[in-house]
Amino acid sequence: MKRIWMMTVLSIKDSLRTKAWIPFFIMSVLAWFPMLIGFGYQMRPNSFADNIISNYFQFLSLGIWFSGLILGATSVFMERRASLMFTLPISRTELAVGKLLGTQIVVGAGLLVGYLISLAFAVHFGLSRFTYSHLGLATAFSLSFTYICLSIPLGFWLSPIWTILTTYLVIEAPWTLQALVSEGWITNNWIVGLNALLQKVAPGQLDRVPMAKAFYNKYVFVGDYTGVARNAMIAIIVFMLLVSLARNKELSLKS
Amino acid sequence: MSSVLEYVGVSRSFKGVPALRDVSFSVGEGEVVGLIGRNGAGKTTLINIAIGLLYPGSGDVRVFGLSPTGNPVAVKARIGYVSEEGHLRGGRTIRELIAFHRGLFDVWDDKVEREILDRFGLSVNARISRLSKGQRRQVGLLCAVCHRPDLLLLDEPASGLDPAARREFLEAAILLLNREGTTILFSSHQMTDVERLGGRIVLLDDGKVKLDRELDRVREEMFVAIVPRSSVPDAGTLEKIPGCLRVRSVRDEWHVVVEGADEDVHQRLKSSIGHNGIPCVRMPLEEIFIELVGGTRNKEIA
């Protein structure tokens, strides 16, 4: 546990010192466009405040996801390049778990800050019910966790660019397929069956509407959190599987 | 003397190119072994296999009787490692780096830490990114020895350093390690480093062990005879001399490396060549190294 904690702390420090936050800063700037378009430069309240602030939150979340994905994709690769970490008494499992925790803490903190800023705007513009936004935040947490759970162990094999592409494809391809099937654009039985299976087992397949409409005045039931929890569980299983595959393999140290 | 590190028939290739061929030798407890050889001889590969960074293609490696890939944490907890690249991971400043390493090991010797910091005049607040190459190696040494390792692996630890920094580094290593009786395997192609650290040498050439001797024995019992081609036209005759390690063609001469006691070597040369008067001298280690692994100068010129 001590070694995992040392790795977590190092990972937090590394995460805060990299340029991986550039996508987040870009999205933070872009997030002001829906705000300015929606509320005007004088920032006057209007009846679309829930939609505008939800968009703002979604922009921030996307920025944090991308940053989290870059952080995850570069973390193990960086160690492979320096190779020194693999000469120290820390197992690959401890290394990956420490990096997962460290990166998730930083990304989670970023999401929380983004949520609190959005919440402050929501209060300022007169919105009063925020139960749905809690589900939106949980959805954002779960998705970012999925991205990190995949990208960190993939770093044992792949370069950052391939890790990012693979992670993105594994999570987004089934999600896109689901969108196409649900819109009726794909009707082939075999593909529809595959889609049904992927929705059950592939990581990152959860309802993303709560994040897109986080500050809408909607009711939430406890059961709505099931998808969030199930996705997190799948992400953990995939993470463990990938780490166990990397445990006894010679690493390519100088990529 | 029990064996701390043991290579048994280790071979390893990279993309079909052999880097190590059937390497076997062991390092006993408290021994200091210098791994020497030309660039690309397989020194770093051997050290990387010992620490589990690389896996042997065939053969077996045992460190403290364990497989470094099967029991990585247990093995690495008892090893100190300083790399040629001088990478340092674990913090932005020396203080953070020490804290990180201290957290990974069960034992940490504050006295040794203080001693190294004082000896090299390092400040714990110094930023790693602003350290010179020599200082990075010094910090690397600090991280490698403060947990009192039973085996220290130094992969070309002083390469790229200026002579003064080189001497400072090696003297510190000797001082710290001789005192503790730590087993050391270090690689180098600098014979002065090897002579300074002492002990035993294992000479690698083209991935194979060419020589495995005590350093004192190399100094005392290695001779180079310079035989004119006019007196012995065929190298085969010289290769048959008992104790002959290599015959090298240099212009119109043969350079013959022969191992044995002083009187004995002269006698063997005389009986093989048939006459006296062949210059046969002890050479500095560097010259012996060149004679053993150097190319044929005639061919190079051609």
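Working note: Debye formula, equal point scatterers on the alpha-carbon atoms of chain B, no solvent; log10 I(q)/I(0) at q = 0.09, 0.11 Å⁻¹ is -0.51, -0.73.
Assuming a ≥ b ≥ c are the square roots of the Cα gyration tensor eigenvalues, decide whether region B:6-45 counts as rounded (a/c under 1.5), prolate (otherwise, with a/b larger than b/c) or oblate.
Values: a/c = 3.50, a/b = 1.64, b/c = 2.13.
Since a/c reaches 1.5 but b/c is at least a/b, the shape of region B:6-45 is classed as oblate.
Once you order the gyration tensor axes a ≥ b ≥ c over the Cα atoms, which shape class does region B:148-199 get: rounded for a/c under 1.5, otherwise prolate or oblate by comparing a/b with b/c? Prolate.
When Cβ neighbours within 10 Å are restricted to other protein chains, what is their mean count per residue of peptide B:79-90? Could you put the intermediate results ahead of the total?
Values: counts 3, 1, 3, 2, 4, 0, 5, 1, 7, 2, 10, 8.
Taking the mean over all residues of the peptide, I get 4.
Within region A:183-242, the chymotrypsin sites (Phe, Trp or Tyr not before Pro) that combine a DSSP coil assignment with at most 15 other C-beta atoms in a 10 angstrom radius are A:TRP185, A:TYR219, A:PHE221.
Please go through region B:87-144 and write out the chymotrypsin sites (Phe, Trp or Tyr not before Pro) that DSSP classes as loop and that have at most 14 other C-beta atoms within 10 Å.
Details: sites: B:PHE100, B:PHE105, B:TRP108, B:PHE120; in loops: B:PHE105, B:TRP108.
Here no loop site has a sparse enough neighbourhood.
Run the numbers on region B:91-109: which residues show a drop of 40 Å² or more in accessible area, chain on its own versus all protein chains together, using a 1.4 Å probe over heavy atoms? When all protein chains are present, B:ARG92, B:GLU96, B:PHE100, B:GLY103, B:LEU104 each give up 40 Å² or more of accessible surface.
When peptides B:66-72, B:201-207 are ranked by their average number of other Cβ atoms within 10 Å per residue, the highest-first order is B:201-207, B:66-72.
Averaged across B:42-52, how many Cβ atoms of other chains sit within 10 Å of each residue's Cβ atom? Could the numbers behind the result be given before it?
Working: counts 0, 0, 0, 0, 0, 1, 4, 0, 0, 4, 3.
That works out to 1 on average.
Note that chain B presents 44 Å² accessible area per residue, ligands and nucleic acids not counted, probe 1.4 Å.
Counting only heavy atoms of protein chains, what accessible area per residue, in Å², does chain A have with a probe of 1.4 Å? Kindly include the intermediate steps, with their values, before the conclusion.
Working: 12090 Å² over 255 residues.
Accessible area per residue, chain A: 47 Å².
Between the residues A:SER244, B:GLY207, A:LEU112, the greatest Cα displacement towards the positive end of the dipole of the protein assembly as shown, with unit charges on the Cβ of Lys, Arg, Asp and Glu, is found for A:LEU112.
Can you pull out the buried accessible area for chains A and B, both sides counted, probe 1.4 Å, rounded to the nearest 100 Å²? Spell out each step's value before the answer.
Details: alone 13290 and 14350 Å², together 25230 Å².
Between A and B, the summed buried area is about 2400 Å².
Residues whose amide H lies under 5 Å from that of B:GLY199, counting only those 5 or more places away or on a different chain, are B:LEU215; hydrogens are built 1.01 Å from N in the peptide plane. Within region B:1-95, the trypsin sites (Lys or Arg not before Pro) that combine a DSSP coil assignment with at most 11 other C-beta atoms in a 10 angstrom radius are B:LYS15. Placing unit charges on the Cβ atoms of the charged side chains and taking the dipole of the protein assembly as shown about its Cα centre, the candidate lying farthest along the positive direction among A:GLN42, B:VAL27, A:SER11 is A:GLN42.
Counting only DSSP beta bridges whose two residues both lie in the protein assembly as shown, roughly 65 percent are antiparallel.
The apolar share of the surface of the protein assembly as shown, taken as the fraction of accessible area on carbon and sulfur atoms (1.4 Å probe, ligands and nucleic acids excluded), comes to 59 percent.
Between B:SER26 and B:ARG119, the contour length at 0.36 nm per residue exceeds the Cα-Cα span by 30.2 nm. Per residue of B:151-159, other chain Cβ atoms within 10 Å of the residue Cβ number 0 on average.
Rounded, prolate or oblate: which one fits region A:100-255, using the alpha carbon gyration tensor with axes a ≥ b ≥ c (rounded when a/c is under 1.5, else prolate when a/b beats b/c, else oblate)? Because a/c hits 1.5 or more and a/b fails to exceed b/c, region A:100-255 counts as oblate.
At a threshold of 40 Å², the residues of region A:71-93 that become less accessible to a 1.4 Å probe in the full protein assembly than in their chain on its own are A:ALA82, A:LEU84, A:PHE86, A:THR87, A:LEU88, A:PRO89. In terms of packing, defined here as the mean over residues of other Cβ atoms within 10 angstrom, the peptides A:106-119, B:225-238 line up highest first as A:106-119, B:225-238. Look at the alpha carbon pairs under 8 Å that are at least 6 residues apart: their mean separation over the length of chain B gives a relative contact order of 19 percent.
The values are calculated or read from the model by the stated rules, or taken from the named source; none is laboratory data. Values in this document were obtained by computation on a predicted structure and should not be read as measured data. Cβ atoms come from the backbone with ideal geometry, glycine included; neighbour counts cover every protein chain shown. The accessibility values were calculated without ligands, DNA or RNA, using every heavy atom of the protein model including side chains. Shrake-Rupley method; radii C 1.70, N 1.55, O 1.52, S 1.80 Å.
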